[in-house]
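First up is the structure itself, then whatever we jot down about it.
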Amino acid sequence: MIAKNVYAYSLNHLSDPLAVFSSLYRFPYTQMVDGDVQNGHRYSTIVFQPVEIIEAWGDKVTVTNRDQQLSLKTSVVELLEERLRVWGHGKILRDPTLPPFQGGAVGYFGFGLMTAQGKPGDLPQAAFGLYEQCVAFDHQEKNAWYIVVSESAEQAQVKYNHFKTLAARQFMPARGTVQPQLSWVPATMPGAMKEHVRQLSDYIHAGSFNRSHLCQFYESRLPAGYDTLAHYSNIRTHSSAGIAGACLSLGGLSVIVAETEPCLTLIDRQIEATHISHRTQRPEGLLRDDVAGKSLAGNKDAQAQHRKQAKALAIKLSAYCPANGILGPSSPEVRAIGQEYMLSSTTRGVLANDVTLRNILGLISPADTYCGEPADRTLRVISGIEPFNRGPAFGHIALIGFNGSLSLLLNKEVVVNNSHELRYVTGLPVYGDTKPDQWYDELVKKAESSLRWIGDDAETREERTA
């Protein structure tokens, strides 16, 4: 491989990531991971024109570049590691004056990534582009850059000139653009959902696993005039908590992630893993210190369970760190992000040099976040119950840098556009003592609240009496 370097060009005249994204998102595999300092997301990143695309469908992985497309029966994580090495992973040094991501892989790992039960016509269980150029925003320092990995300053300048031409053609929707009304219909009827809850509770009582997670899928036909960018722009405008989401244009698939939670960061082998548990719906219109937040803060059982789970994560992390290389976990604290309260704690460490991407991803998989042990058994049961695979919903967005940096964000409040319909996914945990009627009422309440926020003036069909 010819040696490559990182070149950066200041873009301080471009302050709004969405405006830049609007000039690029109609190209396949253009993605924006949107940041907000208020929610702990310091950076925004836009990637476009990938050199390679990797997608996982069931037990097969496709690799597409300008020369060929291959379909392989392999692990998407191992293949991603291999292709990152080919394009420069570990050989391109990080510029410490720039945001951590300076080129590499961006995409999502789905909730059920480790299961092979993909359903025909469904969403990919993982989808990534490999990028040698990006636009990065530091919202704390109020700076922005065009960043490119290139063999020479001359080649970098050519790519920067091309970017400037593209960025000059912005297609921002007018503020307050009215979207066609969406009518959301549940994919699974109430009686069936309650029966699924009973079924999962029975598995828990039988000792198959200690907790689970179940989703409802809402669908809406794609009306004439619908525009993903305008939809995301409206969500951004009306978000009361500040936006920390993502908008992914993945060929024939578009994904809006209205909320993300940071769960793992890695810079120069310094790792920080966040454990989150006991999510509680946040009452509308109340302040952070309301009754629901105080109740969670004073729940001793929840605190004890959280400490036990956080310690288990720290023990897993310690296996990849030198002796005495772990700090934490910290004491649990109540955080308010978007529509939920949650308990949160962090563990910090220094990774050994031989730790692989697969090792790191195994520390904090989406299924581990929502389901109990053993997660693979829970995933198999859920896959047999739910009508679709979840795709990016309740999965991770990942930014994996050529320079060894890594950022994992947990996806929440996801709307998927697969070119002929929209799909919104929501879900709740299931325990051994979960009451199906109560669980379902809480699910509907959560969906109605979320769809008022992200459904673009959505009209939700009444389910409770069905």
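The values are calculated or read from the model by the stated rules, or taken from the named source; none is laboratory data. Bear in mind the structure is a predicted one, so any value in this text is a computation, not a measurement. Glycine also receives a Cβ, built like all others from the backbone with ideal geometry; neighbour counts cover every protein chain displayed.
Brief remarks on what is shown
- Total residues in the stretch 134-174, condition of a type in the set (Lys, Arg) and assigned to a loop (DSSP other than H, G, I, E, B): 2
- Residues satisfying the stated conditions in the stretch 443-462, i.e. within 16 Å of Ala192 (Cα to Cα) and either part of a helix (DSSP H, G or I) or modelled with pLDDT of 90 or more (or both): Leu443, Val444
- Members of the stretch 74-109 that are modelled with pLDDT of 90 or more, in a loop (DSSP other than H, G, I, E, B) and surrounded by 21 or more Cβ atoms within 10 Å (Cβ to Cβ): Pro99, Pro100, Phe101, Gln102, Gly103
- Within the stretch 337-394, restricting attention to residues that are among the polar types (S, T, N, Q) and over 21 Å from Val425 (Cβ atoms), the residue that is surrounded by the most Cβ atoms within 10 Å (Cβ to Cβ) is Thr347.
- Residue in the stretch 389-397 that is touching a strand residue (DSSP E or B) at 6+ places or on another chain (Cβ under 7 Å), among the small types (Gly, Ala, Ser), in contact (Cβ under 8 Å) with a residue 40 or more places away in the chain and farther than 21 Å from Ser220 by Cα present: yes
- Test: residue in the stretch 38-48 that is in a helix (DSSP H, G or I) and either assigned by the TED database to the domain that holds Phe163 or out of contact with any Ser or Thr (no Cβ under 6 Å at 6 or more places or on another chain) (or both): yes
- If the condition is being at pLDDT 90 or above, on the phi < 0 side of the Ramachandran plot and within 13 Å of the chain's Cα centre (by Cα), then the stretch 352-398 contributes Pro392, Ala393, Gly395, His396, Ile397, Ala398.
- Among the residues here, Glu219 qualifies as of a type in the set (D, E, K, R), modelled with pLDDT of 90 or more and not assigned by the TED database to the domain that holds Lys311.
- Out of Ser15, Ser71, one residue alone is surrounded by fewer than 19 Cβ atoms within 10 Å (Cβ to Cβ), in a strand (DSSP E or B) and in contact with a Lys or Arg (Cβ under 9 Å, 6 or more places away or on another chain). It is Ser71.
- Checked against the criterion of being in contact with a Ser or Thr (Cβ under 6 Å, 6 or more places away or on another chain) and at pLDDT 90 or above, the candidates Leu166, Leu130 yield just one match: Leu166.
- Evaluated against (1) without any contact (Cβ under 8 Å) to a residue 12 or more places away in the chain; (2) of a type outside the set (S, T, N, Q); (3) crowded, with 23+ Cβ neighbours inside 10 Å, His162 falls short on exactly one condition, (3).
- If you go through the stretch 295-318 and keep only what is surrounded by fewer than 17 Cβ atoms within 10 Å (Cβ to Cβ) and of a type in the set (A, V, I, L, M), you end up with Ala297, Ala304, Ala312, Ile315.
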